[in-house]
Each structure stands twice: as structure tokens, then as C-alpha cells.
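See structure below.
FYI, it's all coordinate maths here, none of it is from the lab. Model, not experiment: these values are computed from the prediction. Neighbour counts are summed over all protein chains in view; Cβ atoms, including those assigned to glycine, are modelled from backbone coordinates with ideal geometry.
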Amino acid sequence: MSLIKTVLTRYVLPTSYRATAARFSSTDAKITTSNDEPVEMDNPYKKERRQCILCKLNITPDYKNYRLLSQFQSPYTGRIYGRHITGLCKSKQELVENEIRKAQNCAYMPYYYKDKVFLKDPKLFDPENPVRAHRF
Amino acid sequence: MPTYELALMLRAMPKPELKTTLTRISHAIFDRGGIIRNIENLGFRPMPYKTTAHGLVHKEANYFVFKIDTPTKAVADLKEEYRRDVDVVRQRVFLAQEPSKNDCTLEEELLPPAYREDVQKMIDVGKTQVNRFTYKFKYNSGLDYYPFQK
């Protein structure tokens with residue numbers, strides 16, 4: 001009896017009828033009834049899109065916010081850390097560099113050292129372990 | 001009229017004097033048809049480097065930021081006026097920036113070089129150039145040997 005049933009549903013009934021029959025059932029029922037069919041879903045192993053710290057927190061660097069900018073400056077030489085150290089995206093790194101130069105020009109920030117008040121600020125990155133190898 | 005940010009460093013002076021200086025600075029803007037959107041006082045603090053202005057060495061300054069709307073042609077005039085002002089130690093004018101809305105491209109930048117768009121572009125440009133490592137000069141003499149002394 002069951003054999004006849006399966007033959008009937010497979011060959012006798014047209015495919016369109018089967019499709020409409022399936023559409024009437026709820027989504028949960030569909031999964032349980034057609035358990036052999038592949039389920040359409042996004043790649044569950046897809047990694048999350050990485051973002052730089054300024055994009056993640058939605059911060060636009062500003063020359064008046066020299067405390068934030070001083071975190072991208074070397075405490076020994078006052079030089080601006082490169083993109084391979086800061087881990088910023090290209091646009092944000094360029095903005096940071098421009099704003100630091102503006103702030104130094106406006107005498108908000110020193111050129112050759114980091115303000116000693118900001119020396120104990122939290123570190124956003126480790127200059128000893130760059131994302132890519134140092135150029136030198 | 002575009003919005004500018006006028007970063008001013010004023011010399012150390014008592015408060016009433018500072019007040020008159022600020023009014024003088026603002027009136028210069030109003031006289032040239034400009035408006036002031038905002039005045040920020042960043043405080044009186046030591047400068048990171050000493051600055052000489054009008055024959056005096058300044059190591060401390062009052063920091064002010066004026067957000068102003070002025071005609072573009074008036075900016076050079078204003079700067080020239082403030083340069084003559086003995087109370088202004090240092091001044092800078094910047095265009096006020098709008099917060100930029102661009103997506104983070106860090107993911108694409110962290111790809112291996114062969115998958116990066118800028119590297120692929122460089123490779124394409126390199127393919128159109130003469131390869132100077134494998135290029136051999138052609139004499140175009142029709143001979144299979146060099147006819148002159150080398």
C-alpha cells in the first residue's frame with residue numbers, strides 16, 4: 001500500500017501539484033516533511049567582517065581632540081605610527097595623520113614627544129607586534 | 001559662505017583684557033560680513049613648544065576656537081588683521097569638516113596581496129611596461145651578427 005502511495009506521489013501527480021501542497025503547510029512542517037532536501041541558508045561559518053577601531057566606534061578624528069590623537073603618537077619620538085601598527089583602515093589612518101599634523105601646527109600637541117599627561121593612557125595597539133612587518 | 005574654524009592662541013592676560021580682546025576679534029569678523037556660530041574655550045594651558053610673537057616669547061596661551069561663517073575672500077584679510085594684533089600669539093584657519101560616512105575597508109586591506117585591488121592594478125600596469133630584466137636590444141640590421149667591433 002505504501003509502495004503505491006509513493007509511486008503515486010512521485011510519478012503520477014504532477015510536480016506543480018506537489019509544490020502547491022507543500023506551500024500550504026507552515027515552514028516548520030515543510031522542514032520535517034521534506035527532510036531529505038537541502039535547506040537553503042547562509043554560510044554558518046562565514047566570519048564576521050573586521051573593522052578598524054575608529055570605524056567600529058564611529059569616531060571621526062578631530063584636531064581639537066588631541067588626547068585621542070596622542071594615542072597614535074610614539075612616546076619616544078613623537079612620530080605618528082603607521083597603518084601597519086595602528087591597524088586602522090586607509091581612510092581613517094589618513095584622517096588621523098592629517099588631524100595630528102593640524103593639532104601640532106595649532107600648538108595643541110608637541111612634535112617631538114608625547115605629552116607626559118597622556119603617557120598612561122590605555123594602549124590601542126602594540127607597536128612591538130605590528131600587523132605587518134616593520135619596514136626597517 | 002563656508003564654515004571655517006579659527007583656532008586662536010591668545011597671550012596670557014587678565015580676564016577683563018581677555019574679554020576686550022575677544023570682542024575685538026569678533027567685531028573684525030562681523031565687520032567683514034561674517035557670523036560666529038560658536039566659540040570654544042579650550043582653556044589656559046602651557047604650550048607644547050615656546051612661540052615668539054611680537055618680540056615676546058610665549059610658553060603659555062589661552063586657547064580659543066571660533067566657528068565662523070565668512071565670505072572666502074575675507075579670510076586672508078582676517079588673518080592679516082590678527083597677525084598685526086599683539087594679543088594673538090598664533091592663529092590657524094581650517095575648513096570645518098563634516099563627519100565622513102565611509103565604510104571600513106579594513107577587511108579588503110588585510111587580504112593577501114594577490115587578492116588586493118590596488119596590487120592587481122599595479123600588476124596590470126606592469127604588464128603594459130617593457131620588462132627591463134628580459135628586454136634585449138634589437139639592432140634591426142638584418143644580420144645575425146654584429147658588423148662592428150664591440
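Calculated mean residue ellipticity at 222 nm for chain B: -9500 deg cm²/dmol, from DSSP H runs with n ≥ 4 weighted as -39500 (n - 2.57), summed, divided by the residue count and rounded to 500.
Computed over the stretch B:3-95, the quotient of the alpha carbon radius of gyration and 2.2 N^0.38 Å is 1.03.
The residues B:His58, B:His27, when put in order of fewest to most other Cβ atoms within 10 Å, stand as B:His27, B:His58.
Computed over chain B with a Gaussian network model linking Cα atoms closer than 10 Å, the most mobile of B:Lys73, B:Lys138, B:Lys101 is B:Lys138. Look at the stretch A:107-113: the mean tally of other chain Cβ atoms within 10 Å of its residues' Cβ atoms is 5. GNM remark for chain B: springs join alpha carbons under 10 Å apart, and the peak mean-square fluctuation among B:Met47, B:Met122, B:Met13 falls on B:Met122. Extending 7 Å from the Cα toward the beta-carbon at both B:Lys127 and B:Tyr139 defines two label points whose distance is 3.5 nm. Go ahead and collect, in residue order, the members of the stretch B:1-35 whose backbone nitrogen is under 16 Å from a label point 7 Å along the Cα-Cβ direction of B:Lys50. Label zone hits: B:12.
Here the 3J(HN,Hα) profile of the stretch B:32-45, calculated from phi with Karplus coefficients 6.51, -1.76 and 1.60 at θ = phi - 60°, is 9, x, x, 10, 9, 7, 6, 10, 10, 9, 8, x, 9, 8 Hz, Gly and Pro shown as x. Rounded to the nearest 20, the size of the Cβ-charge dipole of chain B about its Cα centre is 640 debye, with Lys and Arg at +1 and Asp and Glu at -1. Looking at the stretch A:43-136, which GluC sites (Glu not before Pro) are in a loop (DSSP not H, G, I, E or B) and have at most 14 other Cβ atoms within 10 Å? For GluC sites (Glu not before Pro) across the stretch A:43-136 that sit outside H, G, I, E and B with at most 14 neighbouring Cβ atoms in 10 Å, the list reads A:Glu48, A:Glu128. Values of log10 I(q)/I(0) for the protein assembly as shown across q = 0.08, 0.10, 0.15, 0.17 Å⁻¹ run -0.63, -0.76, -1.19, -1.35, by the Debye formula with one identical scatterer at each alpha carbon and no solvent. Put simply, the amide H of B:Arg116, placed in the peptide plane, has no neighbours under 5 Å, leaving out anything fewer than 5 places away on its chain.
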